[in-house]
Number of protein chains: 8
Amino acid sequence: MTTSPTVGIIMGSQSDWPVMRHAAAILEEMGVPHEAKIVSAHRTPDRLTEYAKAAKARGLKVIIAGAGGAAHLPGMTAAMTPLPVLGVPVQSKTLSGLDSLLSIVQMPRGVPVGTLAIGEAGAVNAGLMAAAIIALNDDAVAAKLDAYRAAQTDGVAEVPEG
Amino acid sequence: MTTSPTVGIIMGSQSDWPVMRHAAAILEEMGVPHEAKIVSAHRTPDRLTEYAKAAKARGLKVIIAGAGGAAHLPGMTAAMTPLPVLGVPVQSKTLSGLDSLLSIVQMPRGVPVGTLAIGEAGAVNAGLMAAAIIALNDDAVAAKLDAYRAAQTDGVAEVPEG
Amino acid sequence: MTTSPTVGIIMGSQSDWPVMRHAAAILEEMGVPHEAKIVSAHRTPDRLTEYAKAAKARGLKVIIAGAGGAAHLPGMTAAMTPLPVLGVPVQSKTLSGLDSLLSIVQMPRGVPVGTLAIGEAGAVNAGLMAAAIIALNDDAVAAKLDAYRAAQTDGVAEVPEG
Amino acid sequence: MTTSPTVGIIMGSQSDWPVMRHAAAILEEMGVPHEAKIVSAHRTPDRLTEYAKAAKARGLKVIIAGAGGAAHLPGMTAAMTPLPVLGVPVQSKTLSGLDSLLSIVQMPRGVPVGTLAIGEAGAVNAGLMAAAIIALNDDAVAAKLDAYRAAQTDGVAEVPEG
Amino acid sequence: MTTSPTVGIIMGSQSDWPVMRHAAAILEEMGVPHEAKIVSAHRTPDRLTEYAKAAKARGLKVIIAGAGGAAHLPGMTAAMTPLPVLGVPVQSKTLSGLDSLLSIVQMPRGVPVGTLAIGEAGAVNAGLMAAAIIALNDDAVAAKLDAYRAAQTDGVAEVPEG
Amino acid sequence: MTTSPTVGIIMGSQSDWPVMRHAAAILEEMGVPHEAKIVSAHRTPDRLTEYAKAAKARGLKVIIAGAGGAAHLPGMTAAMTPLPVLGVPVQSKTLSGLDSLLSIVQMPRGVPVGTLAIGEAGAVNAGLMAAAIIALNDDAVAAKLDAYRAAQTDGVAEVPEG
Amino acid sequence: MTTSPTVGIIMGSQSDWPVMRHAAAILEEMGVPHEAKIVSAHRTPDRLTEYAKAAKARGLKVIIAGAGGAAHLPGMTAAMTPLPVLGVPVQSKTLSGLDSLLSIVQMPRGVPVGTLAIGEAGAVNAGLMAAAIIALNDDAVAAKLDAYRAAQTDGVAEVPEG
Amino acid sequence: MTTSPTVGIIMGSQSDWPVMRHAAAILEEMGVPHEAKIVSAHRTPDRLTEYAKAAKARGLKVIIAGAGGAAHLPGMTAAMTPLPVLGVPVQSKTLSGLDSLLSIVQMPRGVPVGTLAIGEAGAVNAGLMAAAIIALNDDAVAAKLDAYRAAQTDGVAEVPEG
C-alpha cells in the first residue's frame, strides 16, 4: 500500500496549526499521503532529533516545518536529515514574521531550508512545492498538480468586480 | 547517456555568476548533470518564457534561479513550469539583499519558490537542496550527499584556533 | 471616437481592486478613457505577456499595475512594453507592503517602473500621474487636472477642527 | 529648433551628480533635449519654487529629481508643477538609501512622484522612463528607445562566463 | 499684550490634528501663547512659503510641524525660517511611521529639524520642548515646566497595580 | 564676560568626537560659547547625573548629546535637566545607526529629546539648532546664523560639474 | 527568614505591568522571592539611581527591567549595579517593539544587559532565566525549574488538533 | 582544584572566534575558568546535544553561545540545559547581524536566551555577564568585576581629544 506518509508536516506548537493545516489540505488535494505532528525544537528537542533522524527510513520524502519567532525547527530538522526540508515562517505577534523569516531562510552554507512566504500563503505553497517534488516520480500527483494549476489559471477573472 | 542536465541554473545577469557558480560547483561535486544560463526576466522575457515552458520536457527536474533587487526571475519561472524552483537572493548594492529576499520569498499562494539564504551561502545551499531532491530517486547522488554531509560534520574542529 | 482606453489598469487579483479602483476613479474624474483588468503575473503569465505586448498597438499610452507581496506584475509588464508603467504596491498582510514596495521599485537598470506610495494613496496618485502624462498632449485633461489640483489646494482648511 | 530642453534633471547637491548624470547620459543617447541643474529643496527653496513653477511654461514635459536622506526635492517639485515628476532616491551614507526611498515614494494622495530604484539604476531608469513619456508623441525618440531595448535584449549572453 | 502666539503648530492635514492637538494642550498648560494651522507642504506649498517666511516677523519663536508618510513639512519649514523647528512624525497607515520618522529626521547638514518620537508622545514632547526653549527667557513658563515635571515625577506610583 | 559656555556638548566616548566635533565647530563659527565633555551614561552614570543636574545653574542654555548603539545619554540627560536637549545618533558599526536613532528619538511622553540626523550631518545640525535657540535672544548669533544660511544658499552652484 | 526578595522586577510605567507581571508569576511559581516596582528612567531618575545602587546590598541577586520605546531602564540599571540585569523589550505602539529591542540589546562593551524576546514571551523568559541563575545555588529552585521544563515538554501534544 | 571550567563558550564556526575570543579574554581577566569549543547546531547537531546535555553535570554554570545568520546555537543549547544561556549575535555579511539578533533573541516562552549586542561588544558583555552571575557566589570574581568596572569608569577622560 502507498498510504504511509511521504510528506511530514511538523510545527512548533498547536498555535501554528491554523496556518500549517493549509499545507496539509493541499497535500490531501494532491493525493500525497502525509502526516502532521507537533515537534517543538525548544520544548521537545529529543522528539525533534528522533523525528528528523528517522524520517528518511520511515519513507518520508519531504519535510515541511513551520515555526514562528526565533524559528529553529526547519533548520534543525535540516541538520539531521538528508531529505529536502521546506520552511514556513509563521507570522509572529510582534515583528510580523520578519523574525520568523530571517531565522528560517538565513541558513549557513551546507544545510539548506527551502523557505516559503510568511504565513498562510507560505503553508499552501509548501504543500504545492512538496507535491511538485513528489510529482517528479509520481505521474498521478503530477497530473493533479497540473490540473490544480490549470484551474488556478482559469479561475482568474478578466475584469475586477465590485 | 545521463549527461543531459537535470538541474538548470539560471540567473538574471552575468554579474550574478560569481555567486551562482557556487550552486554549479556543488552540483558538479554531487555528480548532478546541470546547465547554467543567463535568463533575464526583465531584459529577455521571451527567453524566460521559452526556458521555463520547455524545462520539464527537456528533462530538467529542478530549476535554481538567482537574481537581485526586484528579483522576479525565480517567481516568474515558477509561474511557467510545474518543476520545483529554488530561488537565490543575490546581495544587492543598496539594501544588502533584503529587497532580493523579499521579492523572491513572498510569493502569493499558488506559485511556490523555495528560497535560500542571501548570497553565496544561498547558492551553495540551492545546489545542495537540488541534489537532495534528485537524490530521492538517485542512490549515487544520495551517497555523495551523505558523504558530503559527513565530511562537513567531520570537518568542524573541536576547538577554535588563533 | 476617443473612448478606446488610453490607460490600462491591471492588478494581480480581485483582492487588489478595493485599492486599485481609486486609480480608476481618478481617471474617470479626469476624463481619461481607461480599462481595468485582472492580470496575474504568477497565475496567468500568458495573459500578462499578451496584455503587455499588445498594449501599445491597442492604443494604450500608460499602464498602471498594482500588486502585493512578491509583486512582479509591474516589472514584468515593463519588460514587455515600451509604454511607461506605473506601479502601485498593495499593502500586504504580513510586512505592511514593504515587500510589495521593494519588489516593485528596485528594478534593475534598463527597465523602469515609476512607483507610487503603498496602498490607496498610491493608487490615487498612479491615476493622477497617468493623467499628467496624458495631459502633456491633451488640453482637456490638462485643464481637469489643473482644476483638480486647484480644488485640492482650496480644500485645505486654515485651522484644524475638533 | 528643438533643442530647448523637454526634460529637466534636478538634484539636491553636487554630490548627487555622479548618480544623476546617468539620467542625463540616457536622455542624450535617446536624443531628448534636457538640462541638469542643482536645486536644493533645503538650501535653495526659492530656486526650487521658481524652477518648479516655471517648468511647464519653459517647455519642459518631465522633471527628474534626485535627492538623498530626507529627500524632499521630488515631492516638493511635484507640489508646484502639473508635469509628471520622477524621483531618484540617492543612496545615503547611513541607511543605504532606505530613508531616501521612503521620503520620495510615500507621497500623500494628490501629489504623485513616480519613484525609481535607489542609486545609479534608478537614475538610468528615470532617464528611460522620461524618454518613454516623450516617446508617446515623438516617433524618433520611440525608435531610439526601441533600439535601445532591442540592443539590451541582444546583449544578454546565453551562458555566464568566468 | 503678550497673547500673540510665540509657538506655531502646523500640520499637513486635518487628519494629523488628533495627534498634534496634544502639542497644543501642553502649550496651553504651560501658558505659552500658540496657534494651530493646517499647512500642507504638498497641497498648499504657497501657504507654507508664506507661513515659514513670515513666522519670525510675526513674533513666533518656535515652530512645531507634524506630518506623516513622505513628511516634508518640517524640513521645508526649516528651509525657510531661522527659527528652531521641531518635527513630529505622525504614524502612517502602512509603515507604522518609520517613513514619517526618516523623512523628518534625516535632514542634510545645514538645515536642522529637532525630531520627536512618532505619534502622540512626540506631539506632547514637541510641546514640552518648545516650552523649554521659551522658558529660557520666560520665568513663568520655566516655573510651570518645573511644576509639570515635578508632578510627573510624583505621579509615578511605587508599585504596579492590578 | 560672556565666555562661560551656553551650550554643552557631551558624548558617550572619545570615539564619538570625530562626529561631535562638527557641532563644536559650528558653535565656534556662530560665536556661541560652548564646552565639550565626555559623559558616558553607562560607564560614568554619576558624572552624567552631576552634569545634567548642574547644567542650568552653570549657565548652560542647551545641551547637545551624541551617542551610538543603545544610546541612552541624550534621554537620560533630558530626564535630569529642564534645558532643551538635542540628540545626535552616532552611526553604529552593525546597524548603520538605526539603533542609535531609535534609542534617542523614541522617548516617552514627558521627556523630550530633539533628535537630529544620524552622524556628521546631525552633529552639524545640532550645532545650528542650538545656535538658533540661542539666537532667539542674542542678535549677534542671529546675525551670524543668517549670514551662514545666506552663504549656504549662495554656495549652491546652478549647474552640476564633472 | 529567606523571604526578602532576591529578584527585583522593575518597569518604566504602570502600562508595562500587564507584560511584566508574567515575570512575577513565573518567579512565584519557582518559589523565588521577588518584588515588583515602577522605576522610570526618565520620569524618576533619582529613584532609579537609588534602586540600582542599593540593589546588591538589599540582597537582590538579579534585576529584571522592562521598558518600551527608547527603553533606557535596563541599561541604566546595569550601569549602576554589579548584579546581572535582564531586559524585557515591551512592545511599542508604533514600531512593534523593534525600538524597545534595539534600545535594550545594543549596549556598548562594558555594561551588559541580557535581553529577552519582545513582549510577554520575554517577560516569562526573564523570570525563567532569573530563576535559572538563582538555581545555580538553590536546589529547591533548581528542582522546580526542572519540573517546570519537564511539564512543558510533556505538555506538547503529538498531533495538532482542530 | 578550581580550574575545571565554569563557563562554556561555544560558537558555530571557526569564523566566529575573532568575535567570541573577546568573551574568553574577559573571563580570563575575571579569573573565571572557562573553555571554548566549536559546536555547530547545523553541521554537528549531535555534538550540540551532547554538549548541552552534559554541561551541568560537567560543572558548567553558564553557557555563552555565539552564532550568525539563522543563529540556532544559543536557543537549541537553551532547549537542552537548565543552565542560563547567553547569546551573542555575530555580525552577518548580508544583513549586518539583524538576522542573527532576531534568530537569537526572539525565543518562545519557556526557553530563554539572554541576548547581548551584535558583535564584539556583545562578546565582551557576555563574558562580563557570565562573570556577574558567577560573582553572585564567588567573592574573588565579584572583586575583580568591581575593579574592572571602577577602572572602566576612571578610564573615561573628561574632555575629548583631537
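Where a number appears in this text, it was derived from the coordinates with a stated rule and is not lab data. Nothing here was measured: the structure is a model prediction, and the numbers come from that model. Backbone-built Cβ (ideal geometry, glycine too); neighbour counts: all protein chains shown.
The modelled label-to-label distance for the pair D:Lys37/G:Asp154, using points 7 Å beyond Cα in the direction of Cβ, is 7.9 nm. Bridging of C:Lys61 to aspartates and glutamates at a Cα separation below 13 Å is possible for C:Glu35, C:Asp138, D:Asp138, once same-chain residues fewer than 8 apart are set aside. Couplings 3J(HN,Hα) of segment G:140-155, computed from phi: 5, 5, 4, 5, 5, 5, 4, 5, 4, 5, 5, 5, 4, 5, 5, x Hz, in residue order, whole Hz [Karplus 6.51 cos²θ - 1.76 cosθ + 1.60, θ = phi - 60°; x for Gly and Pro]. In chain H, the beta-carbon sitting nearest the axis that superposes H on F belongs to the residue given here with its distance in angstrom, H:Ser96, 5. Think of chain G as a dipole: +1 on every Lys or Arg Cβ, -1 on every Asp or Glu Cβ, centred on the Cα centre; then among G:Met20, G:Ile118, G:Leu102, G:Leu102 lies furthest on the positive end. Restricting segment F:72-161 to GluC sites (Glu not before Pro) that sit in a DSSP loop and have at most 15 other Cβ atoms within 10 Å of their own Cβ leaves F:Glu158, F:Glu161.
Taking the Cα centre of the protein assembly as shown as origin and assigning +1 to Lys and Arg Cβ atoms and -1 to Asp and Glu Cβ atoms, the resulting dipole is close to 0 debye. The fraction of all Cα pairs in chain E landing in successive 10 Å bins from 0 to the largest distance is 12, 40, 32, 13, 3, 0, given as whole percents. Taking every C-alpha pair closer than 8 Å and separated by at least 6 residues, the mean separation divided by the residue count of segment E:7-155 gives a relative contact order of 24 percent. Amide H to amide H distances under 5 Å link B:Ile9 with B:Glu35, B:Ala36, B:Lys37, B:Ile64, where only residues 5 or more positions off or on other chains count and H is placed in the peptide plane. Expressed to the nearest 5 percent, the antiparallel share of DSSP beta bridges inside the protein assembly as shown is 5 percent. Remark: B:Thr6, F:Thr77 ranked as B:Thr6, F:Thr77, counting other beta-carbon atoms within 10 Å and listing the fewest first. Computed over the protein assembly as shown, the convex hull of the alpha-carbon atoms projects to a mean area of 47.9 nm². Positive end of the dipole of chain A (Cβ unit charges, origin at the Cα centre): among A:Gln152, A:Ala130, A:Ser4, the Cα lying farthest that way belongs to A:Ser4.
With charges set only on the Cβ (+1 for Lys and Arg, -1 for Asp and Glu), what does the dipole of chain B come to about its Cα centre, in debye to the nearest 20?
Dipole size: approximately 760 debye.
Taking label points 7 Å from Cα along the Cα-to-Cβ direction, E:Ala147 and E:Glu161 give a separation of 2.5 nm. The simple spin-label model puts a point 7 Å past each Cα toward its Cβ; for C:Lys53 and E:Ala54 those points are separated by 6.1 nm.
Size of segment F:67-120: Rg and Dmax of its alpha carbons, in Å, are 10.4, 33.
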